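Below is one structure, written out as structure tokens, with a few remarks after it.
The values are calculated or read from the model by the stated rules, or taken from the named source; none is laboratory data. The shown structure was predicted, so the numbers you read here are calculated from the model rather than taken from an experiment. Using ideal geometry, Cβ is built from the backbone for each residue, glycine included, and neighbour counts are taken over all protein chains shown. Just the protein is used for accessible areas: all its heavy atoms, side chains included, with ligands, DNA and RNA removed. Shrake-Rupley method; radii C 1.70, N 1.55, O 1.52, S 1.80 Å.
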Amino acid sequence: MTVYATLESPLGELLLVGEESATAPGGTALVSLSVPEQKGGAVVRDGWRRAPGAFAGVAAQLEAYFAGELTRFDVEYAAGAPGTDFQRQVWAELEAISYGTTVSYGEIARRIGASSVKVRAVGTAIGRNPLLVVRPCHRVIGSDGSLKGYAGGLERKQVLLGLEGVRAR
């Protein structure tokens with residue numbers, strides 16, 4: 001069964017979507033985390049059950065992150081989460097980016113063994129990340145150090161990087 005909850009944050013009201021899981025803390029594995037007006041973000045659907053308590057652990061981690069007290073999330077993702085093999089490979093690299101640091105799209109391509117012509121595909125995969133904030137796609141910037149693309153909006157990307165002490169152009 002799909003469950004959801006909302007959580008106020010410095011980015012606006014977050015939408016957390018999950019599936020029941022016997023192994024996840026609190027019994028819910030995260031499927032997506034979206035911000036308001038996110039390109040490709042989740043929207044509540046018929047048949048979903050509102051269950052704020054199911055996300056208590058995730059909510060506590062998010063609150064600690066926004067308070068500057070948490071630098072790495074420990075969240076179980078739903079096994080049937082969307083994504084191609086290529087996207088999952090890119091997303092795994094996102095999770096390897098340390099708090100307070102950034103890497104370029106080209107660096108992500110290099111890390112997964114993709115040619116330089118695949119940088120655009122890497123950017124597309126990053127843009128389809130269904131788990132904003134907890135899977136830190138906001139830490140990927142242009143090769144010149146500038147902010148480039150973010151499904152939640154560049155203003156939110158700048159807020160997240162600022163919370164982590166990163167100054168980007």
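Residue check: ALA78 meets all listed conditions (1) in contact (Cβ under 8 Å) with a residue 24 or more places away in the chain; (2) open to solvent by less than 40 Å² (accessible area, probe 1.4 Å); (3) in contact with a helix residue (DSSP H, G or I) (Cβ under 9 Å, 6 or more places away or on another chain) but one, namely (3).
From the list LEU62, LEU33, LEU14, the lone residue that is within 16 Å of LEU131 (Cβ to Cβ), open to solvent by less than 20 Å² (accessible area, probe 1.4 Å) and touching a Phe, Trp or Tyr at 6+ places or on another chain (Cβ under 9 Å) is LEU62. Report yes if some residue within the range 46-61 is out of contact with any helix residue (DSSP H, G or I) (no Cβ under 6 Å at 6 or more places or on another chain), among the small types (Gly, Ala, Ser), touching a residue at least 24 places away in the same chain (Cβ under 8 Å) and within 28 Å of THR124 (Cβ to Cβ); otherwise report no. Checked against the condition, which is being out of contact with any helix residue (DSSP H, G or I) (no Cβ under 6 Å at 6 or more places or on another chain), among the small types (Gly, Ala, Ser), touching a residue at least 24 places away in the same chain (Cβ under 8 Å) and within 28 Å of THR124 (Cβ to Cβ), the range 46-61 yields no hits at all.
So, in the range 99-150, how many residues would count as being hydroxyl-bearing (Ser, Thr, Tyr) and free of Cβ contacts under 8 Å to residues at least 40 places away in the same chain? Walk me through how you get there before you give the answer.
Applying the first criterion (hydroxyl-bearing (Ser, Thr, Tyr)) to the range 99-150 yields 99, 101-102, 104-105, 115-116, 124, 143, 146, 150.
Remaining after also requiring free of Cβ contacts under 8 Å to residues at least 40 places away in the same chain: 104, 115-116, 124, 143, 146, 150.
Matching residues across the range 99-150 total 7.
At least 3 residues being touching a strand residue (DSSP E or B) at 6+ places or on another chain (Cβ under 8 Å) and under 22 Å from LEU11 (Cβ atoms) is the threshold, and among the helices (runs of 4 or more DSSP H) wholly inside the range 49-132 those reaching it are 56-66.
Evaluating GLY40 against the criteria (1) closer than 23 Å to LYS157 by Cβ; (2) open to solvent by 60 Å² or more (accessible area, probe 1.4 Å); (3) of a type outside the set (A, V, I, L, M); (4) free of Cβ contacts under 8 Å to residues at least 24 places away in the same chain leaves one unmet condition, (4).
Screening LEU15 with (1) at pLDDT 95 or above; (2) aliphatic (A, V, I, L, M); (3) part of a helix (DSSP H, G or I) gives one miss only, at (3).
Consider SER9 carefully, then state whether it is out of contact with any Pro (no Cβ under 9 Å at 6 or more places or on another chain), among the polar types (S, T, N, Q) and modelled with pLDDT of 95 or more. Show your work before the answer.
Working: out of contact with any Pro (no Cβ under 9 Å at 6 or more places or on another chain): yes; among the polar types (S, T, N, Q): yes; modelled with pLDDT of 95 or more: yes.
Against the criterion (out of contact with any Pro (no Cβ under 9 Å at 6 or more places or on another chain), among the polar types (S, T, N, Q) and modelled with pLDDT of 95 or more), SER9 qualifies.
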